[in-house]
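Following: one structure in structure tokens, then a few remarks.
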Amino acid sequence: MNHIQTQDTKSASLTASFGTTFWAALRFSLILIVICGVLYPLASTGLAQLLFPHQANGSQLKNSEGIVIGSELIGQSYTDPQWFQGRVSSIEYNAEGSGSNNYAPSNPELMKRMQASLNDWSMNNPDIPVNLVPIDLITNSGSGLDPHITNKAAEVQISRVSKLSGVSEEKLRNLIKEASQGRDLGIFGEPRVNVLKLNLALQKEMAGMSR
């Protein structure tokens, strides 16, 4: 009899202990869900919008009409040779999945792609020999999304852009200089130009000439 009562007591005790543990775990989980899933995202989003609204909204760039045309973090393709051209992108600057083929320098596909880029260059820039083409104009970046080119890569396009846009070479050099960014922290990387920003400045200059 005492043995049966002892077993029943242990069973009741285990049931009560399980129930207590279950509800404690449930309450703790709900608290974490509210903190991590609601309060933290709201706080971080609110602070980002308050302190860094431009970056928080994707570093969007707008044209003279106030229409969003892209992000300063993602490059774009330009089919019209009157605009400054950016880097080659094997993913067509599709931000849904960044990356590129990790070709070795001797890879036939890479050689074929670079030759095609050089052929396009020769056709659109007959007065600039291919041996003067900066390497970043014919090679893909690691992400395939790089919006920048080196200052030299922008300057080598001045002759073509000037002839097709009607903007003087001197003015184009000034636009490149104004759009140029220095090395990160003064030591990392190379001076560079955001191609979309540069083309927006060029578009504004062309619009002013047409008035």
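Within the stretch 198-211, the residues that satisfy the criterion of being open to solvent by less than 80 Å² (accessible area, probe 1.4 Å) and touching a residue at least 24 places away in the same chain (Cβ under 8 Å) are 198, 199, 200, 201, 202, 203, 205, 206, 207.
Please specify each residue of the stretch 152-182 satisfying the condition of being of a type outside the set (A, V, I, L, M), outside any helix (DSSP H, G or I) and either modelled with pLDDT of 95 or more or out of contact with any strand residue (DSSP E or B) (no Cβ under 9 Å at 6 or more places or on another chain) (or both).
Step one: filter the stretch 152-182 for residues of a type outside the set (A, V, I, L, M), giving 152, 155, 157, 159-160, 162-163, 165-166, 168-171, 173-174, 177-178, 180-182.
From the residues that got through so far, the ones that are outside any helix (DSSP H, G or I) too are 157, 166, 168, 180-182.
Once the filter is applied, which keeps residues that are of a type outside the set (A, V, I, L, M), outside any helix (DSSP H, G or I) and either modelled with pLDDT of 95 or more or out of contact with any strand residue (DSSP E or B) (no Cβ under 9 Å at 6 or more places or on another chain) (or both), the stretch 152-182 yields 157, 166, 168.
When the stretch 140-151 is limited to residues that are in contact with a strand residue (DSSP E or B) (Cβ under 7 Å, 6 or more places away or on another chain) and either assigned to a loop (DSSP other than H, G, I, E, B) or among the polar types (S, T, N, Q) (or both), the one that is farthest from residue 100 (Cα to Cα) turns out to be 151.
Where residues in the stretch 148-174 are open to solvent by less than 10 Å² (accessible area, probe 1.4 Å) and within 27 Å of the chain's Cα centre (by Cα), which of them is nearest to residue 81 (Cα to Cα)?
Narrowing the stretch 148-174 to residues open to solvent by less than 10 Å² (accessible area, probe 1.4 Å): 149, 153-154, 157-158, 161, 167, 172.
Filter once more, so that each one left must be within 27 Å of the chain's Cα centre (by Cα): 149, 153-154, 157-158, 161, 172.
Details: 149: 16, 153: 14, 154: 13, 157: 10, 158: 11, 161: 7, 172: 15 Å.
So the residue we want is 161.
A search for C-beta distances below 6 Å between a residue of the stretch 60-82 that is of a type in the set (A, V, I, L, M, F, W, C) and modelled with pLDDT of 85 or more and any residue that is surrounded by fewer than 17 Cβ atoms within 10 Å (Cβ to Cβ) and part of a strand (DSSP E or B), counting only pairs 6+ apart in sequence or on different chains, returns 68/60; 68/62.
May I ask you to verify whether residue 86 is open to solvent by less than 50 Å² (accessible area, probe 1.4 Å), in contact with a strand residue (DSSP E or B) (Cβ under 9 Å, 6 or more places away or on another chain), assigned to a loop (DSSP other than H, G, I, E, B) and modelled with pLDDT of 90 or more? Steps first, please.
On the way: open to solvent by less than 50 Å² (accessible area, probe 1.4 Å): yes; in contact with a strand residue (DSSP E or B) (Cβ under 9 Å, 6 or more places away or on another chain): yes; assigned to a loop (DSSP other than H, G, I, E, B): yes; modelled with pLDDT of 90 or more: yes.
Here the answer is yes, as residue 86 does meet what is asked.
Need the failing condition index for residue 120 against (1) of a type in the set (Asp, Glu); (2) part of a helix (DSSP H, G or I); (3) closer than 30 Å to residue 65 by Cα, just the number. Just one mismatch for residue 120, condition (3). If we scan the stretch 123-135, do we find a residue that is open to solvent by less than 40 Å² (accessible area, probe 1.4 Å), outside any helix (DSSP H, G or I) and touching a residue at least 40 places away in the same chain (Cβ under 8 Å)? The answer is no, given that none of the residues of the stretch 123-135 is open to solvent by less than 40 Å² (accessible area, probe 1.4 Å), outside any helix (DSSP H, G or I) and touching a residue at least 40 places away in the same chain (Cβ under 8 Å).
The values are calculated or read from the model by the stated rules, or taken from the named source; none is laboratory data. Only a predicted model underlies this, so the values are computations on that prediction, with no experimental measurement involved. All Cβ positions, even for glycine, are placed from backbone atoms using ideal geometry, and neighbour counts span all protein chains on display. Accessible surface is based on the protein model in full, side chains and every heavy atom, while ligands, DNA and RNA are left aside. Shrake-Rupley method; radii C 1.70, N 1.55, O 1.52, S 1.80 Å.
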